[in-house]
Amino acid sequence: MNKNTLAVVLLLAGASLNGQGPIVTTAPEGGPPLKVTILGSARGPQVDLRRFGASILVETAGGDKLVFDCGRGFAQRLTEYGVPLRTIDKLFVTHLHSDHILSIPDLLMVGFSQGRKGPLQVWGPAGTKSMMDFMMKTFEFDLRVRSEFNAQLSKDGMRSSSTDIQEGTIYEDNGVKVTAFLVDHGPIKPAFGYRVDYAGRSVVMSGDTRFSENLIRHSQGVDVLIHETEQLPPPNSKQSEQERARQEKAVRQLHTLPEETSTVFNRAMPRLAVYSHGGSPAIVAEARKTYSGPLELAEDLMTIEIGEKIEIHRPKR
């Protein structure tokens, strides 16, 4: 059977968004090898009350929790999902645009005040270590005062450990391997995508990128490929030709068009492809012209369980 014809089971999560508990529970040991939760699926830095900033949580059956990007609203979505911030100590950043890093202070400070035991470890492109060093200085007073007020808080939990990465395997422990690979986000260089492999299952996250041959190469054989996309702006009678041309150039320079993602999916052949970075059913319809494999549109708090089957749980609205 062609792996693109494998069933994708759509399940509604049991709890609601009304504060009566988490939408889904974390993957127990012995559950599906990988569980992926879209914490934030917004496009760009604009404020969107339905879609929070870019962030993805990857959990393993062995108990590891890895976060990829930390955009606006990360702390709220993680809490809504039912995971305390203190349990997150591994963050991987695709690039340093503000909409991918705005909630790092929340992860740093709230995680510490909740009792994180060790330092917040951050991996990202050149400039990540400098960013985190300045962030530690920004919150130096707050960290010191809180640690003095509550002696039970771990001194290690108020620290960060950051690494400016290069392409290749950047993390390997407890059976989990994280591979960083360069993508093309126009003038924002370097920018990375990430692949997580665990127990024979895998997920690739593109980050923000134009069409990327390197991404296709690193996505071969992957179970789930989460890829950004953006449409060209629709015609607007109030808009000058010059302004429209400027917007089109920005999209083509920074992002992947739906028809280009179809080429990516047809060549990478993931068991499931998922659109991140906002989007609408119209984008899926555009891709369907040339791609017939399983394809979903991400939304906040959507979870993907990757095992023999791929199961999608959408939040009950």
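The values are calculated or read from the model by the stated rules, or taken from the named source; none is laboratory data. It should be emphasised that the depicted structure is a prediction, and the values quoted were computed from it without experimental measurement. Quick reminder, even Gly has a Cβ in these numbers, built from the backbone with ideal geometry, and neighbours come from all protein chains shown.
Working carefully through the options Leu215, Leu254, Leu182, Leu225, find the one that is among the hydrophobic types (A, V, I, L, M, F, W, C), within 17 Å of Pro125 (Cβ to Cβ) and surrounded by 22 or more Cβ atoms within 10 Å (Cβ to Cβ).
Leu215
Report whether or not Gly71 is part of a loop (DSSP other than H, G, I, E, B), within 21 Å of Val196 (Cβ to Cβ) and not basic (Lys, Arg).
Yes.
Filter the range 147-167 down to residues that are touching a helix residue (DSSP H, G or I) at 6+ places or on another chain (Cβ under 9 Å) and loosely packed, with under 12 Cβ neighbours inside 10 Å and give me whichever is farthest from Ala126 (Cα to Cα).
Once the filter is applied, the top-ranked residue is Asn150.
Determine whether Val274 is at pLDDT 95 or above, of a type in the set (A, V, I, L, M, F, W, C) and touching a helix residue (DSSP H, G or I) at 6+ places or on another chain (Cβ under 9 Å).
no
Out of all the residues in the range 299-316, which are surrounded by fewer than 21 Cβ atoms within 10 Å (Cβ to Cβ), touching a strand residue (DSSP E or B) at 6+ places or on another chain (Cβ under 8 Å) and either among the basic types (Lys, Arg) or in a loop (DSSP other than H, G, I, E, B) (or both)?
Once the filter is applied, which keeps residues that are surrounded by fewer than 21 Cβ atoms within 10 Å (Cβ to Cβ), touching a strand residue (DSSP E or B) at 6+ places or on another chain (Cβ under 8 Å) and either among the basic types (Lys, Arg) or in a loop (DSSP other than H, G, I, E, B) (or both), the range 299-316 yields Glu299, Gly307, Lys309, Arg314, Lys316.
Of all residues in the range 44-68, which are part of a loop (DSSP other than H, G, I, E, B) and more than 16 Å from Gly207 (Cβ to Cβ)?
If the condition is that a residue be part of a loop (DSSP other than H, G, I, E, B) and more than 16 Å from Gly207 (Cβ to Cβ), then Gln46, Val47, Asp48, Leu49, Arg50, Arg51, Phe52, Ala61, Gly62, Gly63, Asp64 are the ones that fit.
Output the qualifying pairs, or none if there are none: Cβ atoms under 7 angstrom, residues six or more apart or on different chains, first residue in the range 135-152 and closer than 14 Å to Gly111 by Cβ, second residue surrounded by fewer than 15 Cβ atoms within 10 Å (Cβ to Cβ) and among the charged types (D, E, K, R).
Taking only residues 6 or more apart or on different chains, the pairs are Ser147/Lys155.
Pairs needed: first member in the range 43-61, of a type in the set (D, E, K, R); second member anywhere, modelled with pLDDT of 90 or more and part of a strand (DSSP E or B); C-beta distance under 6 Å; at least 6 residues apart or different chains.
Note: pairs meeting the criteria are Glu59/Lys35; Glu59/Lys65.
If you scan the range 81-98, which residues turn out to be crowded, with 22+ Cβ neighbours inside 10 Å and out of contact with any strand residue (DSSP E or B) (no Cβ under 9 Å at 6 or more places or on another chain)?
Leu85
Given the conditions (1) polar (S, T, N, Q); (2) modelled with pLDDT of 95 or more; (3) more than 22 Å from Phe74 (Cα to Cα), and given that Ser103 satisfies all but one, which numbered condition is not satisfied?
Every condition holds for Ser103 apart from (3).
For the range 81-104, indicate whether the set of residues that are on the phi > 0 side of the Ramachandran plot, part of a loop (DSSP other than H, G, I, E, B) and touching a residue at least 40 places away in the same chain (Cβ under 8 Å) is non-empty.
Within the range 81-104 (the criterion being on the phi > 0 side of the Ramachandran plot, part of a loop (DSSP other than H, G, I, E, B) and touching a residue at least 40 places away in the same chain (Cβ under 8 Å)), the answer is yes, since at least one residue qualifies.
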